[in-house]
Amino acid sequence: MAELIYLYGIIPTNEKSTTPLPSFKGLDDEHDVHTLSFDGIDAVVCNLEESEYNQSALEEKTSDVEWLHEKAFHHHEAVTKLHEKYTIIPMKFSTIYSGYESLESTIKEHHKKMSDLLAWLSDKEEWNLKIYCDNEALRERTSAHNLTIEEKKKEIDQMSPGRQYLEKRKLDHLIDQELEKDKETYSSRIHDQLASYSEKTDIKKNWSKDVTGRSDEMCWNSVYLLKEANVEDFLSQVKHLQEVWKETGFQFELTGPWPAYHFAKLT
């Protein structure tokens, strides 16, 4: 029966030679995960029955939210487990090849890029920082300390009572606008301080409250690629910055280390 190849990631052959591949089942819970070697780099793969994972079958499976969640979690856990032992170029969930020849062709085409990327990623790890904001707490700070707001308040104080009423309503809108600017300014300032510890950074899209399940708003979402030697200093700086900014209404959520999903790009 024809079999497909599911690809978890690419690792250096020499690292696998000194650290045996952990034993675990693949995406279908039947085939073992194993490696295929290609001139200094290894593809970490498992086989899949073509009848169960061809394009039409996979489209049907991925329409099942429970199945999709379970298998995406399996992929994430597998890549994380591999990252604990090896330098890895992680693949996206559901990277499937029609057979050995198809995988071999892709790796041959990108072999130098893969080798160079593995060398660059060696001894590095990814960390993610999400910043959440208590809007009311930060709004109070913005209202009290923002220079634009202070100047507007002084202008209003010089107006007639009737005019003041109208302008104070406009002031609330101005405070909301300045609040959004302050969120961006403060978060960017925090990010710049942390970026100095990093080899590379990326700013991601903020998640909505529906996704986070939190009552406070996510106002920043960034990832950092760190040399392992810099991780301790980075973590200390994150802890320090959290103390500095918590009274402003900011809460940090730091996670990692992760495989370098955002930095291990071949294109």
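The values are calculated or read from the model by the stated rules, or taken from the named source; none is laboratory data. As the structure is a computational prediction, the values presented were derived from the model and not from experiment. Using ideal geometry, Cβ is built from the backbone for each residue, glycine included, and neighbour counts are taken over all protein chains shown.
Of the residues Val223, Val231, which single one is surrounded by 17 or more Cβ atoms within 10 Å (Cβ to Cβ) and in contact with a His (Cβ under 6 Å, 6 or more places away or on another chain)? Give the derivation first.
Numbers: Val231 fails: in contact with a His (Cβ under 6 Å, 6 or more places away or on another chain).
None of the other options fit; the residue is Val223.
When you go through Lys113, Lys108 one by one, which is the residue that is within 26 Å of the chain's Cα centre (by Cα), modelled with pLDDT of 90 or more and outside the structural domain of Leu254 (by TED's automatic domain parsing)?
Lys113
Against the conditions (1) more than 23 Å from Ala260 (Cβ to Cβ); (2) modelled with pLDDT of 95 or more; (3) not in a helix (DSSP H, G or I), where does Gln242 fall short? Just the number, please.
Exception for Gln242: condition (3).
Only one of (1) within 14 Å of Leu129 (Cβ to Cβ); (2) of a type in the set (Ser, Thr, Tyr); (3) modelled with pLDDT under 95 is not met by Ser215, so which one is it?
Unmet for Ser215, out of (1) within 14 Å of Leu129 (Cβ to Cβ); (2) of a type in the set (Ser, Thr, Tyr); (3) modelled with pLDDT under 95: (1).
For the stretch 133-187, which residues satisfy the criterion of being of a type in the set (Ser, Thr, Tyr) and either farther than 18 Å from Phe250 by Cβ or at pLDDT below 75 (or both)?
Those that are of a type in the set (Ser, Thr, Tyr) and either farther than 18 Å from Phe250 by Cβ or at pLDDT below 75 (or both): Thr142, Ser143, Thr148, Ser160, Tyr165.
Here is a check on your reading of the model: is Lys85 in contact (Cβ under 8 Å) with a residue 40 or more places away in the chain, assigned by TED's automatic domain parsing to the domain that holds Thr13, surrounded by 14 or more Cβ atoms within 10 Å (Cβ to Cβ) and in a helix (DSSP H, G or I)?
Details: in contact (Cβ under 8 Å) with a residue 40 or more places away in the chain: yes; assigned by TED's automatic domain parsing to the domain that holds Thr13: yes; surrounded by 14 or more Cβ atoms within 10 Å (Cβ to Cβ): yes; in a helix (DSSP H, G or I): no.
Judged against the criteria, Lys85 is not a match.
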